[in-house]
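Here is the structure we will look at, set down as structure tokens.
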Amino acid sequence: SGSGDVFLSDNKSVNIDTGTGGGNSVRALTLTQTASGENIAVSTVGISATNKVLLTGAAGQNTSIDLEGNIATVGAQTVSLIATGTGAITENALGLGTGTVTAGTVNLNTEGGNIGASGNQILTNTANLNLAANSTGNVFVNDSSTVSVKTGSGLAGSVADLTVTETGASKVLSAITDINSTGNVILQAAAGSNSGINIDGNVNTTASKQI
């Protein structure tokens, strides 16, 4: 009913959702995958919460996180997806469906794995999009709200190739705080969206790459 906090630990690849019907939400949700090579998938039913959501691999494990359904929270709450080791953050990797992450802030972090893929971008609906991929992970995100995009600092906080597309109608994609990349950077509005790009911070990459 959205009033209980849930803390889970799992050691097998797991599909997670908050169910269907009345009261199909939690307050806060934390799920930690503790086994190496075992993954977390959000099922097509999706996750509904009224507070923060954290899906993460344990330190030192190779955990991927896959979106087959939506993750939705309310207001200024945060959703954090943290893939560890060689793990990636994927959209529709199981071929069952796609999911959008809706929250005030969305954190997508890997230790070097990719975040989304060309043709299978991570779908977000957020005002604040924070990215980190240990300088080697490529990032592909489509956002449907007016959004500020930034990465972390240093190699751990930076990304490789970065493509963020604003898909909402008449929205604005902003780089207000720094974006740090070791690859090519593309910030773009979808065709026909009438959306804009705003640069108020630094967009940094290496000398041989393009912005």
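The values are calculated or read from the model by the stated rules, or taken from the named source; none is laboratory data. In this text, all values refer to a predicted model and were calculated from it rather than measured experimentally. Here Cβ is always computed from backbone atoms with ideal geometry, including for glycine, and neighbour counts include all displayed protein chains. Side chains are part of the model used for accessible areas, which takes the heavy atoms of the whole protein and leaves out ligands, DNA and RNA. Shrake-Rupley method; radii C 1.70, N 1.55, O 1.52, S 1.80 Å.
See the values below:
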item	result
Rounded D (µm²/s) - the range 29-73, Kirkwood Rh over Cα pairs, Stokes-Einstein at 37 °C, 0.692 mPa s	299
Within a Gaussian network of the chain (alpha carbon springs, distance under 10 Å), most fluctuating of ASN134, ASN24, ASN109	ASN24
Label point distance in nm, GLN210-SER153, each placed 7 Å from Cα along Cα→Cβ	3.1
Most mobile of LEU81, LEU187, LEU94 in a GNM of the chain (Cα contacts under 10 Å)	LEU94
Pairwise centroid distance, computed over Cα atoms, of the range 146-186 with the range 1-78, Å	25
Using distinct alpha-carbon pairs, which all enter the 1/r mean, Kirkwood radius of the range 67-173 in Å	13.5
Alpha-carbon radius of gyration plus Dmax, which is the widest Cα pair, for the chain in Å	16.4, 55
Among beta bridges that DSSP assigns inside the chain, antiparallel share in %, nearest 5	5
The chain, relative contact order in percent, only Cα pairs under 8 angstrom and at least six apart counted	11
Antiparallel DSSP beta bridges within the range 86-161, as percent of all bridges there, nearest 5	5
Size of charge dipole - the range 36-183 - debye, nearest 20, with Cβ of Lys, Arg +1 and Asp, Glu -1, no other charges	280
Average accessible surface area per residue within the chain, 1.4 Å rolling probe, Å²	42
Mean separation of Cα contacts under 8 Å (6+ apart) over length of the range 17-94, as relative contact order %	30
All lysines inside 22 Å of LYS150 as judged from Cα atoms, apart from same-chain residues fewer than 8 positions distant	LYS52, LYS171, LYS209
Stokes-Einstein D for the range 1-105, Kirkwood Rh over Cα pairs, 20 °C, 1.002 mPa s (µm²/s)	160
For the range 157-208: relative contact order, % (alpha-carbon pairs under 8 angstrom, 6 or more apart)	43
